[in-house]
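Visitor: Would you mind keeping the following structure in view while I ask a few things?
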Amino acid sequence: MTDTKLQPGDAAPDFALPTADGGTVSLEALRGRRVILYFYPAAMTPGCTKQACDFRDSLDQLTGEGFAVLGVSKDAPAKLAKFAERDALTFPLLSDPSLEVHKAYGAYGLKKLYGKEVEGVIRSTFVIDADGKVELALYNVKATGHVAALKKKLGLA
C-alpha cells in the first residue's frame, strides 16, 4: 500500500478502464486534450451524486474550454450505468474495481472518516495537461462546492 501523492509536473499514470456504457477509456487516447479526472467513493450516494451533478451542470463550459471530464469509482459498470441514467450524467464514468488506478493516483489509502482513520477512497481530482502531465492534484476535496472551486483554480469562474 502506497501513500504516494502526485504533484504538478508528474507524469499522470496511464490507464484503460471500462465505462458505464460498455466501452473503454484510456488516458493515452485523450492525449492532446486537458483532462479532469476525479475519483469518488461510491455511485448514487448523496455526496457523490452532488459532485457528479455539479460536473454535469458545468460540462458545457468545461468541454468548451477543451477539457474532457472523467469520473472514476470502484463501482461495477452496471451500477455506473444506473447512476448515469438516474442523474443524466453525460460524461464517462469509469470502473476501477481492483483500485489499481485509484492507488496509482494516490486516491486510495488512509483517510479520516467521522474522526476515525480508515482505509478507503480519497475523494480527489486531477487536472492533466495535453502532454499527460499533472497540472493540479487535489486530495481530500469536499463533494459540495468542489466544481466551483476547481473552475476558480482553472480561471473559469
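Visitor: Mind listing whichever residues of segment 82-113 are surrounded by 18 or more Cβ atoms within 10 Å (Cβ to Cβ), aliphatic (A, V, I, L, M) and not in a strand (DSSP E or B)?
Guide: Selection gives A84, L89, V101, A107.
Visitor: Aliphatic (A, V, I, L, M), under 21 Å from A20 (Cβ atoms) and touching a Phe, Trp or Tyr at 6+ places or on another chain (Cβ under 9 Å): which single residue out of V141, V101 fits that description?
Guide: Just a single option satisfies the conditions, and that option is V101.
Visitor: For segment 114-134, does any single residue satisfy the condition of being part of a strand (DSSP E or B), touching a helix residue (DSSP H, G or I) at 6+ places or on another chain (Cβ under 7 Å), polar (S, T, N, Q) and under 21 Å from A20 (Cα atoms)?
Guide: Checking segment 114-134: at least one residue is part of a strand (DSSP E or B), touching a helix residue (DSSP H, G or I) at 6+ places or on another chain (Cβ under 7 Å), polar (S, T, N, Q) and under 21 Å from A20 (Cα atoms).
Visitor: Could you grab me the full set of residues in segment 11-41 that are crowded, with 16+ Cβ neighbours inside 10 Å and part of a loop (DSSP other than H, G, I, E, B)?
Guide: Across segment 11-41, the qualifying residues are A12, P13, F15, A20, L27, Y40, P41.
Visitor: Here is a follow-up. Look through segment 63-77, keep the residues that are more than 14 Å from the chain's Cα centre (by Cα) and in contact (Cβ under 8 Å) with a residue 12 or more places away in the chain, and return whichever of them is surrounded by the most Cβ atoms within 10 Å (Cβ to Cβ).
Guide: P77
Visitor: Can I ask one more? Within segment 135-146, can you find the residues that are in a strand (DSSP E or B) and either in contact with a helix residue (DSSP H, G or I) (Cβ under 9 Å, 6 or more places away or on another chain) or among the aliphatic types (A, V, I, L, M) (or both)?
Guide: Matches in segment 135-146: L136, A137, L138.
Visitor: Identify all residues within segment 65-114 that are of a type in the set (K, R), touching a Ser or Thr at 6+ places or on another chain (Cβ under 8 Å) and farther than 15 Å from Y38 by Cβ; write none if there are none.
Guide: Correct list: K103 only.
Visitor: Here's a check for you: in segment 114-134, which residue that is buried (at least 19 other Cβ atoms within 10 Å of the Cβ) and not hydroxyl-bearing (S, T, Y) is farthest from the chain's Cα centre (by Cα)?
Guide: V134
Visitor: Step by step: first the residues of segment 42-62, then only those that are in a loop (DSSP other than H, G, I, E, B) and either touching a Ser or Thr at 6+ places or on another chain (Cβ under 7 Å) or at negative phi (or both), then the one that is surrounded by the most Cβ atoms within 10 Å (Cβ to Cβ). Which residue is that?
Guide: Once the filter is applied, the top-ranked residue is A43.
Visitor: Here is a follow-up. Name the residues in segment 102-134 that are among the hydrophobic types (A, V, I, L, M, F, W, C), touching a residue at least 40 places away in the same chain (Cβ under 8 Å) and out of contact with any Gly (no Cβ under 8 Å at 6 or more places or on another chain), would you?
Guide: The answer is A104, A107, L110, V121, F126, V127, I128.
Just so you know, all these numbers are worked out from the coordinates, no wet-lab data involved. Please read these numbers as outputs of a predicted model, since none were measured by experiment. Note that each Cβ is placed from the backbone with ideal geometry, even for glycine, and that neighbours are counted across all protein chains shown.
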